Amino acid sequence: MFNAKKPTNKSGVFSESQRRKGLVRRLPDIATLFFCLLGLTSVQAESQHPALEQGLLVHHGWVRAVPPVAAHSAAYMTIINNTDVNDRLLKARSDISEAVEIHNVMSKHDVVEMAPVEQLDIPARSHVQLKEGGYHLMMINLKRVPKAEEMVTLELVFEQAGIVTVELPVQRSASAMSPGHHSDHQHQH
């Protein structure tokens, strides 16, 4: 990515002005790299599990804000598997609900139905979106109602990667996520 200029003196060492000029020329590249890395919505977790070390990421996650009387909420995200190993989301947990189930919304004969699924395949070198109108995590029997702008912790249990904990912002809709705002916190147990 960076093209370093060769030293002009015989010692093979860059002069101070050459170093400054080289750094100034590279600042746009460095800034681009920095902001690209920030664009990843989650920090890749350190892990004893090879699949996670190689690149299981949670991207653009959020939890739906609901009215104070609501018994359920939902969590949405994109799970990216940058590994060569197929994985599966087996289950999820949160301290704000009694249960978290993997659900899918399906349309049959012009009737839309939501139903739990046992697990969710995350193919190698692919991604799966958990989104409104499709797969999502249903947070059932809320112990407390998630409020807009707070963070909710979810534990995602994968077959290969193990337990991955993510902190997701609570918002009213997917469009409420501001550009550059993302779920910053992810770690593995």
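Each reported figure results from applying straightforward, stated rules to the coordinates on display, with no laboratory input. Predicted model only: the values in this text are computed from it and were never measured. Cβ placement follows ideal geometry from the backbone for every residue including glycine, while neighbour counts extend to all protein chains displayed.
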Residues with amide H under 5 Å from that of residue 160, placed H, sequence gap 5 or more | 88
Search the structure for amide H atoms under 5 Å from the amide H of residue 91, placed 1.01 Å from N in the peptide plane, and list their residues when 5 or more places away or on another chain.
-> 157
Subtract the Cα-Cα distance of residue 153 and residue 72 from 0.36 nm times their separation in residues, and report this length gain in nm to one decimal.
-> 27.6 nm
For region 102-111, in order, what is each residue's ³J(HN,Hα) by Karplus, 6.51 cos²θ - 1.76 cosθ + 1.60 with θ = phi - 60°, in whole Hz (x at glycine and Pro)?
-> 7, 10, 9, 9, 10, 10, 10, 6, 6, 10
So residue 143 and residue 104, fully extended at 0.36 nm per residue minus their Cα-Cα distance, gain in nm 11.7 nm
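Give, as a single signed number, the net charge of other residues whose beta carbon lies under 11 Å from the beta carbon of residue 174, with Lys and Arg counted +1 and Asp and Glu -1.
+2
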Residue 150's amide H: which non-local residues (gap 5+, or another chain) put their own amide H closer than 5 Å, with H modeled 1.01 Å from N in plane and none for Pro or chain starts?
-> 170
